[in-house]
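Read the structure below first, then the notes.
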Amino acid sequence: MKLEIDQQRLLSELETLATFSDAELPAVTRIVFTPTDLKARAWLIARCEEAGLAVRQDAIGNIFARWNGTDPEAPAVGTGSHIDAIPNAGKYDGVVGVLGGLEAIRALQRSGFRPKNSIELLVFATEEPTRFSIGCLGSRLLSGTLSAEAAGRLKDRDGESVDEVRRKAGLNGNLQDVKLSKGYYKGFVELHIEQGPLLERAQISLGIVTSIAAPACLRISIEGAGGHAGGVLMPDRKDALCAAAELILAIENAARSSGATDTVATVGVCDVFPGAVNSIPSRVKLTVDVRDTDLARRNGAMKAIESAVEMISQKRGVAIQQELINADAPADCAPEVRKALADSCREHGFPFLQMVSRAYHDSLFISRITPTGMLFIPCRNGYSHRPDEYAAPEDIRRGALVLAESLAKLCSSSQ
Ligand code: GLV
Ligand code: MN
Ligand code: MN
């Protein structure tokens, strides 16, 4: 079987998808179920149908595009990623795995390969946590990691629930039905940019993921006392933003002092109320993201954050409330999927690195229900979640080629 990736077409589709953006290019902002995202999804569905794939959507908006195998009853081999994008993001996060997956299927079709198992492109809904606070909503529901009731109740910043938003987007099915049946997939592979600098530093084009780090997210609200910026003297203050500042540094320290560079912690949102130059901040909301490859160490960092919350609350006389959004276990990638990827690399003489994924992906949750692996390609300077995110055309082509061959290896051929 000789596979050719149509690099020109794949790159042009990447550029086209980037134009569905609420930010000015090269920045991409595509928040799930906004009018812009819905247009992008419609464009993508048309590309899948053009390739002869049978397309369906489930109640949360996961898109399944299936190339039927000669035994349509056999478990499918899946690939895919996401197309939603955080504010001010780049063109490649998620999209490389979706359009690369589509091109991998088209390359297999062109080669004359006839799979016994169906090959399915899965475009996960709402991977990014921007709209509903929690990431990977689609794959959490597919894998049964989150209940339909809990998912339906989640709200966006405007107070609209997942149920309201998805129904407005025309997704009227039952969230209970999103969970996949046991044995739906035989295996799953996700192609993604690395979102870190290691491949580029090693000058190696491909990374085979061994495990995916464990993410956790907290929402913290600090309630102090507001007042006049001139009138209230310093000993009388309960400034919520000063308490937040102290807490943010304690969170940084919880990661720095864990004893391992694998522990990372980030405060990415800090909403200050009332936000006026001459008014003491009375209320602050923070979001905290903590990750580690080691679950016990990640939980240790979270405990350290909890202690800092108690200490700062007492010392500064402010009330601090914490809400746990998610605390997920890490995932190991499946040996059979890693082998398919490694065999394909070796057959071409492509060097590869075995590496940890420090970002989370829908594969973290899909791995709970089927053998799963991930293939990384480099991104310039390790930049991701920013407009200058960039992956080189040759790396994208290689990634799609190795993905296509690995999908074929995971299928049984009918020839
Ligand atoms: C995914 O976007 C992540 O934040 O790891
Ligand atoms: Mn992302
Ligand atoms: Mn991603």
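Which one is farthest from ligand 1 (Cβ to nearest atom), of the residues in the range 367-380 that are in contact with a Leu (Cβ under 7 Å, 6 or more places away or on another chain) and more than 22 Å from P393 (Cα to Cα)?
I369
Given the conditions (1) surrounded by fewer than 21 Cβ atoms within 10 Å (Cβ to Cβ); (2) assigned to a loop (DSSP other than H, G, I, E, B), and given that I5 satisfies all but one, which numbered condition is not satisfied?
Condition not satisfied by I5: (1).
Restricted to the range 369-388, and to residues that are in contact with a strand residue (DSSP E or B) (Cβ under 8 Å, 6 or more places away or on another chain) and surrounded by fewer than 24 Cβ atoms within 10 Å (Cβ to Cβ), which residue is nearest to Q195 (Cα to Cα)?
Narrowing the range 369-388 to residues in contact with a strand residue (DSSP E or B) (Cβ under 8 Å, 6 or more places away or on another chain): 369-379, 384-387.
Those left that are additionally surrounded by fewer than 24 Cβ atoms within 10 Å (Cβ to Cβ): 369-371, 384-387.
Numbers: I369: 25, T370: 24, P371: 23, S384: 5, H385: 8, R386: 10, P387: 13 Å.
For the range 369-388, the residue satisfying everything is S384.
Of these, Q314, Q321, which one is surrounded by fewer than 16 Cβ atoms within 10 Å (Cβ to Cβ), farther than 17 Å from P215 by Cα and touching a Ser or Thr at 6+ places or on another chain (Cβ under 6 Å)?
Numbers: Q314 fails: touching a Ser or Thr at 6+ places or on another chain (Cβ under 6 Å).
Only one candidate passes the filter, namely Q321.
Filter the range 333-346 down to residues that are among the charged types (D, E, K, R) and closer than 20 Å to L199 by Cα and give me whichever is surrounded by the most Cβ atoms within 10 Å (Cβ to Cβ).
R338
Within the range 135-162, work out how many residues are open to solvent by 10 Å² or more (accessible area, probe 1.4 Å) and in a loop (DSSP other than H, G, I, E, B).
Count: 11.
Out of curiosity, is R297 more than 30 Å from S211 (Cβ to Cβ) and open to solvent by 60 Å² or more (accessible area, probe 1.4 Å)? Spell out the reasoning first.
Details: more than 30 Å from S211 (Cβ to Cβ): no; open to solvent by 60 Å² or more (accessible area, probe 1.4 Å): yes.
In short, no.
Of all the residues that make up the range 178-215, how many are buried (at least 22 other Cβ atoms within 10 Å of the Cβ), assigned to a strand (DSSP E or B) and small (G, A, S)?
Matching residues across the range 178-215 total 3.
Since A150 meets every condition but one in (1) touching a residue at least 12 places away in the same chain (Cβ under 8 Å); (2) on the phi < 0 side of the Ramachandran plot, which condition does it not meet?
Tallying (1) touching a residue at least 12 places away in the same chain (Cβ under 8 Å); (2) on the phi < 0 side of the Ramachandran plot, A150 fails exactly one: (1).
Name every residue in the range 296-323 that is under 15 Å from R219 (Cα atoms) and not charged (D, E, K, R), in order of residue number.
Of everything in the range 296-323, those that are under 15 Å from R219 (Cα atoms) and not charged (D, E, K, R) turn out to be M302, I305, A308, V309, A319, I320, Q321, Q322.
The values are calculated or read from the model by the stated rules, or taken from the named source; none is laboratory data. On a predicted model such as this, the values are computed, not experimentally measured, just so you know. When we count neighbours, we look across all protein chains shown, and the Cβ atoms used for this are built from the backbone with ideal geometry, even at glycine. Accessible surface areas use protein heavy atoms only, side chains included; no ligands, DNA or RNA. Shrake-Rupley method; radii C 1.70, N 1.55, O 1.52, S 1.80 Å.
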